[in-house]
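Everything below concerns the one structure shown next.
The values are calculated or read from the model by the stated rules, or taken from the named source; none is laboratory data. What you see is a predicted model, and the numbers here were worked out from it, not measured in a lab. Cβ: placed from backbone, ideal geometry, glycine included. Neighbour counts: every protein chain shown.
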Amino acid sequence: MADRFDDLLAELKNNRESGATSLALLTLSALKDYLDAMPVQSAEKIETLCQALTTARPSMIALGNALQRWQKRLEVAEIDFKQQYLTQLVKVYQQLADASEQVAAHAANLLKPGMTVLTHSRSSQVMALFEQALEQHQDFKVIVTVSAPGNEGLLVASQLNRLDVPVTLITDAEMGLVMPEVDINISGCDSWLTDHHFVNKTGTLLQALAAQHFGKPFWVLADSFKNSHQTSHEVTLEAMPADELPLPEGEKIAAKNVYFETISTRLVAGRVDEHGLQVMQP
């Protein structure tokens, strides 16, 4: 059964397409299935499992926060400890799912008929926002970046096409070029830091700077599960294998493939969490 947990951990580490919330929900569900199939686990063993999962994706805090909330709910003295930790895991999963839905519902108020939205990378909360807007019969268009490396923007474009939303796919380098056409920028978030920064896919800073240059609003969707105790100087920014980049041969050629970066909230118009819209103070 250890192999099953190793597989779960490998899937978590190798997932390049899912945003922080989606990845956390997938992992919590897989963890529940794993624990359900296992004999009762001790509190110490659960702590070890949680630590392994939390450190696997350090730039994405939602999973670690969810696991921490789960552990705080557990009472080791309970007679049926297994049933308790499975039940509480389901409750935390639902808390996270509900928070994400509430973010999308609040964020839908940002969209007005006929707007053009620019988004970078793939966020399940941003996708949920688009679905909410469609349910409200909003008419809007989306511009999405390829979001290289990883190219998760291709999946976003396909999902929007299935929803019958007009979508334009651009290279990451074209964000400044298209910004004059954009009415609002909507971004996901992997971690919200304590020193007026947040973490998201590399390229988000360029989008935020282009938005500021052209005077276009830039909003970030981030529920409380994204809150981190770290600063922009402390957070680990995950790097992926260099072989994802099409490198030419050459002794002097090196590659850097960092997937995440920090963005100052001074570039942000506001944050949307499960409680509503929060306008950022300049």
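For this structure, a couple of remarks:
- Residue count for the range 203-218, restricted to those that are surrounded by fewer than 23 Cβ atoms within 10 Å (Cβ to Cβ) and either in contact (Cβ under 8 Å) with a residue 40 or more places away in the chain or charged (D, E, K, R) (or both): 6.
- Criterion applied to ALA157, ALA99, ALA104, ALA128 was being without any contact (Cβ under 8 Å) to a residue 40 or more places away in the chain, of a type in the set (Gly, Ala, Ser) and within 21 Å of GLU274 (Cα to Cα), and the one residue passing it is ALA128.
- Restricting the range 42-71 to residues that are among the charged types (D, E, K, R) and under 18 Å from THR27 (Cβ atoms), the residue that is surrounded by the most Cβ atoms within 10 Å (Cβ to Cβ) is ARG57.
- Unique match (being free of Cβ contacts under 8 Å to residues at least 60 places away in the same chain and either under 28 Å from GLU101 (Cα atoms) or assigned by TED's automatic domain parsing to the domain that holds SER187 (or both)) among GLU238, GLU251: GLU251
- Residue under evaluation ARG271, criteria (1) in a loop (DSSP other than H, G, I, E, B); (2) out of contact with any His (no Cβ under 8 Å at 6 or more places or on another chain), criterion not met: (1)
- Test: SER232 is outside the structural domain of SER18 (by TED's automatic domain parsing), surrounded by 15 or more Cβ atoms within 10 Å (Cβ to Cβ) and not in a strand (DSSP E or B): yes
- Restricting the range 126-155 to residues that are of a type outside the set (Gly, Ala, Ser) and under 24 Å from ASP243 (Cα atoms), the residue that is surrounded by the most Cβ atoms within 10 Å (Cβ to Cβ): THR145
- Helices (runs of 4 or more DSSP H) (entirely within the range 124-207) containing at least 2 residues that are under 16 Å from the mean Cα position of the chain (by Cα): 124-135, 152-162
- Of the criteria (1) in a helix (DSSP H, G or I); (2) in contact with a strand residue (DSSP E or B) (Cβ under 7 Å, 6 or more places away or on another chain), which one VAL117 fails: (1)
- Residue match in the range 19-31 (condition: assigned to a loop (DSSP other than H, G, I, E, B) and within 19 Å of the chain's Cα centre (by Cα)): yes
- Total residues in the range 29-79, condition more than 25 Å from ASP98 (Cα to Cα) and of a type in the set (Ser, Thr, Tyr): 2
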